[in-house]
1. Along the charge dipole of the chain, Cβ charges K/R +1 and D/E -1, which of 89, 44, 172 sits furthest on the positive end?
2. Give 43/90; 13/40; 40/131; 43/113; 38/90 a once-over and call out the pairs whose C-alpha atoms are over 31 Å from each other.
3. What's the long-distance tail for the chain, i.e. % of Cα pairs beyond 30 Å?
4. Taking the alpha-carbon distance from residue 9 and a cut-off under 20 Å, which aspartates and glutamates remain once sequence neighbours fewer than 8 residues away in the same chain are dropped?
5. Could you state the accessible area per residue of the chain in Å², with a 1.4 Å probe and every protein chain left in place?
6. Could you give the length gained on full extension between residue 118 and residue 162, defined as 0.36 nm per residue of separation minus the Cα-Cα distance, in nm?
7. If you take the beta carbon distance between residue 10 and residue 139 as r and set R0 to 45 Å, what does 1/(1 + (r/R0)^6) give as a FRET efficiency, to the nearest 0.05?
8. Quick one: pull the percent of accessible area on the chain belonging to carbon and sulfur, 1.4 Å probe, ligands and nucleic acids left out.
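The values are calculated or read from the model by the stated rules, or taken from the named source; none is laboratory data. For clarity, every value in this text was computed on a predicted model and none was experimentally measured. Every residue, glycine as well, gets a Cβ built from its backbone with ideal geometry; the counts of neighbours run over all protein chains shown. Just so you know, the surface numbers come from the protein's heavy atoms only, side chains and all, with ligands and any DNA or RNA stripped out. Shrake-Rupley method; radii C 1.70, N 1.55, O 1.52, S 1.80 Å.
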Amino acid sequence: MSELFINLKNELKNEDFIERDFSVPFDSLDLPEEYSSKEKDVKVHMFIFKEKDGYLVSLSIKSDIQRECDRCLEPFNMDLEGTSNIFLSKKKLKGGELHEDDLIARYLEDEEKFNVSELLREEILVQTPMKALCDENCQGICPVCGANKNENPCDCEKKLKREMSPFAKLQTLLERKK
């Protein structure tokens, strides 16, 4: 993993903020193996504002992720776009109650060696939905015959429900009567 670092102390010595646009190779972010991308790069737009007790980072990312649908198991390409605001605190958070502002705060260990790659990696993981769907209306796989119901709709479940119904015995009695 080739990491990208910024020396915040030097970059913001004479400025109140910096703005950067850059791309980071997707496979350099050390993401889990189920993450891959056709675009090969993550496009990043970053603002860093100097604050009294740290830095406010506004991070916008754009890329895509190759995922497998959690319902039908078909591979699909998912767009990944998002903006996050993170406060990098020079002060360690003390024990006790957390406030709402503390939820977007991170402790900045080294102002002279801020790891942008690690921040990008975390943001991609956070912005990726836990349940990946190829389509909001994906029908999934039939639990009876195993067919992809988006491509081959079947009525196996209905038949199974009818057979397992407590009223199924009545059907057999009706058939005997005929």
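1. 172
2. Result: 13/40; 38/90 exceed 31 Å.
3. Tail of the P(r) past 30 Å holds 44 percent of the pairs.
4. Those aspartates and glutamates meeting the cut-off are 19, 21, 51, 53, 109, 110, 111, 112, 118.
5. Dividing the accessible area of the chain by its residue count gives 70 Å².
6. 10.5 nm
7. The value I calculate is 0.25.
8. 48 percent
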